[in-house]
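Below is one structure, written out as structure tokens, with a few remarks after it.
The values are calculated or read from the model by the stated rules, or taken from the named source; none is laboratory data. What you see is a predicted model; the values in this text were computed from it and never measured. A quick note on method: Cβ atoms are made from the backbone with ideal geometry, for glycine too, and the neighbour counts reach across all protein chains shown. Protein only, heavy atoms only, side chains kept; ligands, DNA and RNA dropped before computing areas. Shrake-Rupley method; radii C 1.70, N 1.55, O 1.52, S 1.80 Å.
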Amino acid sequence: YVIVGLSLIMLALIFEHLLTIRRGTLIPRGMAEDIERLIVAGQFKVAEERCRASSSLLGYLLGAGIAEVELGYSAVEKAMEDAAAEQSARLMRKIEYLSIISTVAPMLGLMGTVWGMILAFMEFERKANPQVSELAPGIYKALAPGIYKALVTTLFGLIVAIPAISAFGYFRNRIDELIAQTSLTAEHVFADFKRSILLRKREERRSHAAEGVPVPRRDPKTT
């Protein structure tokens, strides 16, 4: 009954993950273009509010980046990287239950098998001592029903564990793929913002050179 309960939990988790861990949910269509237009227009506050209102992965990354626009693109990029790592860990913890089920189910099946074997041998021990000529048939008749029932639990455990570990591997790869796609999309959203900062700094260096003002040394760690 415990293994059957785990199988129902496994099916519920797989169904929920199929609905939530997909591109349409984590990267809503049209959101990147809308936020990019707001950033180009300088409406950072509106863009941040729209990102915060969205429960998507892309919205979380863009919101984290927009909150740091005043500090420059390096701060924006670092904030989005941290947000992507945080959300990746959160999604991995979410699917970790499938890995736990894939480990626990066969262990429960093995425990059931061992317990069934113990009961079968106890049943054989309670029977009267058979003659030597009847020893093998007696053992078979005493142990066969118990062993049969005991091995069923191992089979049920494997039936649950195999799809659970397969689903875990699928969703783990899916999360890695979607995190990479979301990070790349977020960087494209800030491409014009990054370009404008670079052009502004280039113009400042040109103006300083034309006026004879020493150009400040640039920190290689910042953009």
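For this structure, a couple of remarks:
- Global form of region 1-96, assessed from the alpha-carbon gyration tensor, a/c cut-off 1.5: prolate
- Heavy-atom surface analysis with a 1.4 Å probe gives region 1-96 a carbon and sulfur content of 59 percent of its accessible area.
- Sorting GLU48, GLU86 on solvent-accessible area from highest to lowest, probe radius 1.4 Å, gives GLU86, GLU48.
- Counting only protein heavy atoms and a 1.4 Å probe, region 1-107 has 56 square angstrom of accessible area per residue.
- Computed over region 1-109, relative contact order equals 24 percent, with contacts defined as Cα pairs under 8 Å that lie 6+ residues apart.
- Accessible surface, 1.4 Å probe, highest first, among residues PHE15, PHE121: PHE15, PHE121
- Largest-first ordering by accessible area, 1.4 Å probe, given options LEU178, LEU184, LEU13: LEU184, LEU13, LEU178
- Label point 7 Å beyond Cα of ARG23 along Cβ direction - residues of region 170-191 with amide nitrogen under 15 Å: 174-186
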